[in-house]
Amino acid sequence: MRILNLSMECYPVAKVGGLADVVGALPKYLNRIDGVESAVIMPWYNKPFVHQHQFETVFTGFIRQKNQLLEIEISKEQSQLLGFDLYLIKIPGLLDRDQPYGYWDESQQFLAFQHGILHWLSEMKIRPDVLHCHDYHTGLVPFMIENCPEFSFLKGIKTIGTIHNGEYQGDMSWEMADYLPWFEGGNWGLLDWNGRINPLAAMLKCCHAFNAVSKGYMTELFDQLRGLESLVQHEHRKAFGILNGIDTGVWNPETDHYLDFHYNKETASEGKRKNKAALCAAYGLDPKLPLFSFIGRFAGEKGADLLPEIVANSIRETFGGLNVMILGSGDQDVENQLLHLNQVFSNFALDLGYKEDLSHKIYAGSDFLLMPSRVEPCGLNQMYAMRYGTVPIVRYTGGLRDTVRDVSVGGGGVTFGSATANDAVHAMHRAMHIYNHDGLMGQLVQTNMSYDFSWEKSAMEYLKLYAD
């Protein structure tokens, strides 16, 4: 079975969030199954990975968008060091940028990405068994292969759509239809939602099956999908929930090259103590105090707007009896508030930006990981934390419901119900009691490091979805 994953992100080539981690791991684990050949195609980026590895051009051609003739180039990474074939599509001016997102012409950028891929496959007579479309950026592919005569060679290929985050749907005005390959006008309704082209809605209508990245999130989408709830309900027979896994080769405290000190379940107490001491020393924190950390984008869905209040209230209410560390970036107002607090509190550490190496050190050196999410389709951070023996403190939503059980019912984490600073701080107070109980804290470390969140099980579920 040949599967081609279409995605704007893939770790370690280009990463903004969890989408990159999933696309960088799933095909690798699928390829360990006999008879499966899974590959990834993504845009070319001006990134170190692209410049540091050898690529071979396997196709050049042209596509037309409106009145523009665009040159496309497909290149293939030569060493297969990622565990799968990696293809990059380059289109000067659109798919040759520094970052995946944030450009004024994103809609045209994503349309060119999808059009270019299908043009390559059609021209080279490459017909995979499955086209796996990740998020709305590739959501028009199922429509195009069935309704655009230019891609008639691909008609009938099974398409699977994965909703990594339904908050983003990519809707655009109908003026953008001029940038699409020609299609029969009578099929416009497959693209439309409330008078606009909606790629996520089109994906749900046209793909053979779709999934969310946890069963909990899939359940929520029937009632909360920014206006697409009735569509999910109508297409419910095609809907599945498959929990993401984590790459246990990359995320392994026993071999992680980012860590100052390695450890396993048996040596976790000493290993975490040493990593915590090194982390606290680097940021001027007291290693004798419990360390609560947050890693992620400063976005409303992550509850990041609550962080300033959480930091201030937790430190004040415990009279400075804890450390808080935050790694992330995003909303400028949140950044400014946190920068101010960083000047006020000596036991608060802030590092702005995305730093892969530091995130590993934080998972290993922290006692607790905060996730006050409003929306969390799956969540990988809590799985990384548990893999490193760190106790997650999470709002009970989406994929967090599927992966973190509260300590009161025998689980390895602390959960809370509402996305408010008060609820989060109350959960931190509960965590302080756990921290001060050596036996219980040690037990939770052992419990969390015993969980298996590897991709093997999830890969088999995807394989079944492909085959059905």
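Among the residues of segment 366-388, those that are outside any helix (DSSP H, G or I), under 23 Å from GLU270 (Cβ atoms) and among the hydroxyl-bearing types (Ser, Thr, Tyr) comprise SER366, TYR388.
Candidates in segment 442-468 are the residues that are of a type in the set (A, V, I, L, M, F, W, C) and surrounded by fewer than 18 Cβ atoms within 10 Å (Cβ to Cβ); of these, the one that is farthest from the chain's Cα centre (by Cα) is ALA467.
Restricting to helices (runs of 4 or more DSSP H) lying wholly in segment 264-360: which have 1 or more residues that are in contact (Cβ under 8 Å) with a residue 40 or more places away in the chain, acidic (Asp, Glu) and closer than 23 Å to GLN382 by Cβ?
In segment 264-360, 307-317 are the helices (runs of 4 or more DSSP H) which contain 1 or more residues that are in contact (Cβ under 8 Å) with a residue 40 or more places away in the chain, acidic (Asp, Glu) and closer than 23 Å to GLN382 by Cβ.
Residues of segment 46-71 that are on the phi < 0 side of the Ramachandran plot and part of a loop (DSSP other than H, G, I, E, B): ASN46, LYS47, HIS53, GLN54, ASN67.
Per the conditions (1) within 21 Å of the chain's Cα centre (by Cα); (2) assigned to a loop (DSSP other than H, G, I, E, B); (3) not charged (D, E, K, R), the sole criterion not satisfied by PHE261 is (1). Can you confirm whether VAL334 is within 15 Å of LEU306 (Cα to Cα), at pLDDT below 95 and in contact with a helix residue (DSSP H, G or I) (Cβ under 9 Å, 6 or more places away or on another chain)? So VAL334 does not fit the description; no. The residues listed here are GLY241, GLY216; of these, the one that is at pLDDT below 95, under 22 Å from ALA459 (Cα atoms) and touching a Ser or Thr at 6+ places or on another chain (Cβ under 9 Å) is GLY216. Scoring GLY102 on the criteria (1) more than 21 Å from the chain's Cα centre (by Cα); (2) assigned to a loop (DSSP other than H, G, I, E, B) leaves a single failure, condition (1). Counting only residues that are in a strand (DSSP E or B) and under 22 Å from LEU121 (Cβ atoms), segment 73-99 holds 14 of them.
One residue alone among PHE261, PHE240 is aromatic (Phe, Trp, Tyr), surrounded by fewer than 23 Cβ atoms within 10 Å (Cβ to Cβ), within 30 Å of CYS207 (Cβ to Cβ) and touching a residue at least 12 places away in the same chain (Cβ under 8 Å), and that residue is PHE240.
Of the residues in segment 83-106, none is more than 26 Å from ALA177 (Cβ to Cβ), aliphatic (A, V, I, L, M), in contact with a strand residue (DSSP E or B) (Cβ under 9 Å, 6 or more places away or on another chain) and surrounded by fewer than 18 Cβ atoms within 10 Å (Cβ to Cβ).
The values are calculated or read from the model by the stated rules, or taken from the named source; none is laboratory data. Treat the numbers as computed from the prediction; the structure is a model and nothing was measured. Cβ atoms come from the backbone with ideal geometry, glycine included; neighbour counts cover every protein chain shown.
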